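Chemist: Sharing a structure with you now.
The values are calculated or read from the model by the stated rules, or taken from the named source; none is laboratory data. Quantities reported herein were computed from a predicted structural model and do not represent experimental measurements. Ideal geometry is used to build each Cβ from the backbone, glycine not excepted, and the neighbour counts take in all protein chains shown.
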Amino acid sequence: MKICQVERPLVATNRIAGMEHKHLQVVRDGTIQQVAVDAVGCKPGDWVICVGSSAAREAAGSKEYPSDLTIVGIIDRWPPDGATESGAA
């Protein structure tokens, strides 16, 4: 599992069958941007828990689903490194 922050939605209108109704989000894991399937309905700025590999496919709905990163939870409180919960560094 990884902790990432949602940056923005990703819109892709031409997709393979089976992906038509899945929301995609651009997430940041440190300095790396990735695309994740949104299985929980998050919004930009949310800190989220992501899973990869076969767990990502199953969390997205099927072991045959072509995902290698899926958002499985929204974190209620998460002070990132160097910050306190109030937001002050």
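Chemist: Would you confirm whether any residue within the stretch 62-71 is of a type in the set (D, E, K, R) and under 8 Å from the mean Cα position of the chain (by Cα)? Can you show your working first?
Modeler: Of the stretch 62-71, the ones of a type in the set (D, E, K, R) are 63-64, 68.
From the residues that got through so far, the ones that are under 8 Å from the mean Cα position of the chain (by Cα) too are none.
No: zero hits.
Chemist: Can you confirm whether K2 is farther than 22 Å from P79 by Cβ and in contact (Cβ under 8 Å) with a residue 24 or more places away in the chain? Please lay out each step first, then the result.
Modeler: Values: farther than 22 Å from P79 by Cβ: no; in contact (Cβ under 8 Å) with a residue 24 or more places away in the chain: yes.
No, not satisfied.
Chemist: Can you give me the number of residues within the stretch 36-78 that are outside any loop (DSSP other than H, G, I, E, B), of a type outside the set (D, E) and either out of contact with any Cys (no Cβ under 8 Å at 6 or more places or on another chain) or surrounded by fewer than 17 Cβ atoms within 10 Å (Cβ to Cβ) (or both)? Spell out how you get there, then give the answer.
Modeler: Our first condition is that a residue be outside any loop (DSSP other than H, G, I, E, B); within the stretch 36-78, this holds for 36-38, 47-60, 69-74.
If we keep only those that are of a type outside the set (D, E) too, we end up with 36-37, 47-57, 59-60, 69-74.
Next cut, either out of contact with any Cys (no Cβ under 8 Å at 6 or more places or on another chain) or surrounded by fewer than 17 Cβ atoms within 10 Å (Cβ to Cβ) (or both) only: 37, 49, 51-55, 57, 59-60, 73-74.
Total satisfying the criteria: 12.
Chemist: Quick one: in the stretch 13-34, of everything that is of a type in the set (A, V, I, L, M) and surrounded by 14 or more Cβ atoms within 10 Å (Cβ to Cβ), which residue is farthest from V72 (Cα to Cα)? Please lay out each step first, then the result.
Modeler: Step one: of the stretch 13-34, the residues of a type in the set (A, V, I, L, M) are 16-17, 19, 24, 26-27, 32.
Still in the list and also surrounded by 14 or more Cβ atoms within 10 Å (Cβ to Cβ): 19, 24, 26-27.
Numbers: M19: 17, L24: 13, V26: 14, V27: 13 Å.
Only one residue fits best here, namely M19.
Chemist: I'm checking my understanding of the structure. Among residues of the stretch 3-41 that are among the charged types (D, E, K, R) and under 16 Å from A60 (Cα atoms), which one is modelled with the highest pLDDT? Talk me through it step by step, then tell me what you get.
Modeler: First pass over the stretch 3-41, keeping only residues among the charged types (D, E, K, R): 7-8, 15, 20, 22, 28-29, 38.
Still in the list and also under 16 Å from A60 (Cα atoms): 15, 20, 22, 38.
Details: R15: 73, E20: 65, K22: 80, D38: 92.
Looking at the filtered set, the residue picked out is D38.
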